[in-house]
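The values are calculated or read from the model by the stated rules, or taken from the named source; none is laboratory data. Since this is a predicted model, take the numbers as computed values, not measurements. Using ideal geometry, Cβ is built from the backbone for each residue, glycine included, and neighbour counts are taken over all protein chains shown.
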Amino acid sequence: MNSTEKHIKKFPYQIILGSASPRRQELLKGLGFNFICKPVNADESYSDDLKAGDIPLYLAKKKARAYPDPLKDNELLITADTIVWCDDKALNKPADFEEGKKMLQSLSGKMHQVYTGVCLKSNKKETIFLGSSNVYFKELKDDEIEYYLANFSPYDKAGAYGVQDWIGYIGIEKIEGSFYNVMGLPVRQLFEELIHF
């Protein structure tokens, strides 16, 4: 058994993913670690003083602190939050079709940032880190935006889109940084942080 296999198969913690996101579950599963899923219900409000990457870092920590059970010695909780940052403001999950359309129109033909804050917490320590990616959209036509919103219902996604969805196929020109961060977890960084936790 080589060292990587040992780190994954003999990982000393029971990982708890505090997220209901199917994308995060898929990405963590892809890293090879065993985990259980216990979504955390937390108030996702934050101060207007927070900007850009500070917002998801704050919310990831807030979610970790909202976990309802005391962590056992062998448990490690992972919480995360992702935002889209464009024109000096955060785009969170759209409330409805019209808000989703406005968000995608605001992203059309521009570069925006996607930030994911991640918190790793045991009963002895806590660490947080940030993933950052630049995403470039082509000029999106209104009928493309409307087709996407009507057929893919991205209302659980920051910025009203999923990079792995149809709109990503036809609309994204390039990404600087991690594709997986845009999906919801900076998995390269997460792997390194888990190994060194």
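Observations, loosely collected:
- Screening Ile167 with (1) in contact with a strand residue (DSSP E or B) (Cβ under 8 Å, 6 or more places away or on another chain); (2) among the β-branched types (Val, Ile, Thr); (3) under 23 Å from Ala20 (Cβ atoms) gives one miss only, at (1).
- Listed by position, the strands (runs of 3 or more DSSP E) enclosed by segment 1-108 that each have at least 1 residues that are of a type in the set (Asp, Glu) are 75-86.
- Listing of helices (runs of 4 or more DSSP H) fully contained in segment 155-197 that carry 3 or more residues being of a type outside the set (Phe, Trp, Tyr) and within 27 Å of Phe33 (Cα to Cα): 179-183, 187-196
- Residues within segment 127-151 that are of a type in the set (A, V, I, L, M, F, W, C) and over 23 Å from Asp81 (Cα atoms), tallied: 3
Rundown of residues vs (1) of a type in the set (D, E, K, R); (2) surrounded by fewer than 22 Cβ atoms within 10 Å (Cβ to Cβ); (3) under 18 Å from the mean Cα position of the chain (by Cα), yes/no style:
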position: Pro39; (1), (2), (3): no, yes, yes
position: Leu50; (1), (2), (3): no, yes, yes
position: Ala60; (1), (2), (3): no, no, yes
position: Asp69; (1), (2), (3): yes, yes, no
position: Lys72; (1), (2), (3): yes, yes, no
position: Glu75; (1), (2), (3): yes, yes, no
position: Asp81; (1), (2), (3): yes, no, yes
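- For beta carbons closer than 7 Å, sequence separation of 6+ or different chains, a first residue in segment 2-25 that is free of Cβ contacts under 8 Å to residues at least 24 places away in the same chain and a second that is buried (at least 18 other Cβ atoms within 10 Å of the Cβ), the qualifying pairs are Gln25/Leu17.
- When Tyr169, Tyr148 are screened for being touching a helix residue (DSSP H, G or I) at 6+ places or on another chain (Cβ under 8 Å) and modelled with pLDDT of 95 or more, only Tyr148 passes.
- Considering segment 83-121, and only residues there that are within 20 Å of the chain's Cα centre (by Cα) and hydroxyl-bearing (Ser, Thr, Tyr), the residue that is surrounded by the most Cβ atoms within 10 Å (Cβ to Cβ) turns out to be Thr116.
- Among the candidates Lys125, Lys141, Lys157, Lys174, the residue that is of a type in the set (D, E, K, R) and more than 30 Å from Glu98 (Cβ to Cβ) is uniquely Lys125.
- Residue list for segment 136-154, filter: part of a loop (DSSP other than H, G, I, E, B) and closer than 30 Å to Thr79 by Cβ: Ser153, Pro154
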